[in-house]
Amino acid sequence: MSVSQIDTDAKKDTRRLGIYELMLITAGIAVAFAINRGLSVMRHVPDWAWRGAESAARINGMDVLVACVYGMSLSVYLLAIRSKPFWNSPGKTLALLFATMCLLDWTLDFFASSTVALRFLVDPQAGNSNTAGYVLGIWYEQFSARLGYLFGLPVLILAIIQSRQQHLTWRLAWVGFLVFDLAIVAVLNVDSIASFPRTVLNWYFEIALGIPVVLLAIAFFRGMVKRDLDWWTVLTCVPVFVAWMVAVVMRSLGP
């Protein structure tokens, strides 16, 4: 073994997954699910006259998966930020990306949904399709997506820059997430994309997310072969693979 390889191995975080970490991650997933459900109810308040109050009470598989990925990523990030080194582990980097997405989604969604819900409580009738449903010129249900993907760009760029010590396959995966982010920003803001064939638009999100997921899978498979995966990486990557595959299956089975 070369000196450089010994130095690289010495910089790796070799801690094992313990009871404390499992308890924190489990609690984080439970809290994330509760927050997601609360935001889902709040988001539908202005439209209850149209959709019916029971629509907010429905729980689908993707809601559960998103809550799991959010809660797990946020919990792992809170553990990882105290564990050195940080940027050597792909799992910690992935946890940072999804924890950022989680906090942006929750914060922006709460701001927009609560703002509109309060408006409908004191002024217009519920279900009215008028300017009361817009926040800063953005329809309240799209507020989190339109701003969240933009605000997440600096974190993605930071991850690409700071992950220089990781293998090229992982760094390509972070670039893939940047491509995915830009693709979503484009579909939300570029009018010409609306002229794409309906089939492409229906699968747009799954195709865009598939770019980083496939690159992530390649990096993960290489790590398995080389046996250099830590528990941080396994714990963060696997739910992402599962969530994307479930999204593809649900889209295939959908109307």
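Below, the figures for the structure above:
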read-out	value
Between the range 25-46 and the range 198-255, the Cα center-to-center distance that results, in Å	23 Å
3J(HN,Hα) from dihedral phi, the range 225-231, Karplus parametrisation 6.51/-1.76/1.60, rounded to Hz, x for glycine, proline	5, 7, 6, 10, 8, 9, 5
Against the rule of thumb 2.2 N^0.38 Å, how large the Cα Rg of the range 18-253 comes out	1.08
Exposure of Trp203 as accessible area (Å², to 10), given a probe of 1.4 Å and all protein chains	70 Å²
Area of Glu141 that stays accessible when all protein chains are in place (1.4 Å probe, Å², to 10)	70 Å²
Heavy-atom surface of the range 65-148, accessible at 1.4 Å and reported per residue (Å²)	43 Å²
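The values are calculated or read from the model by the stated rules, or taken from the named source; none is laboratory data. The structure presented is a predicted model; accordingly, all values stated were derived computationally and were not measured. Just the protein is used for accessible areas: all its heavy atoms, side chains included, with ligands, DNA and RNA removed. Shrake-Rupley method; radii C 1.70, N 1.55, O 1.52, S 1.80 Å.
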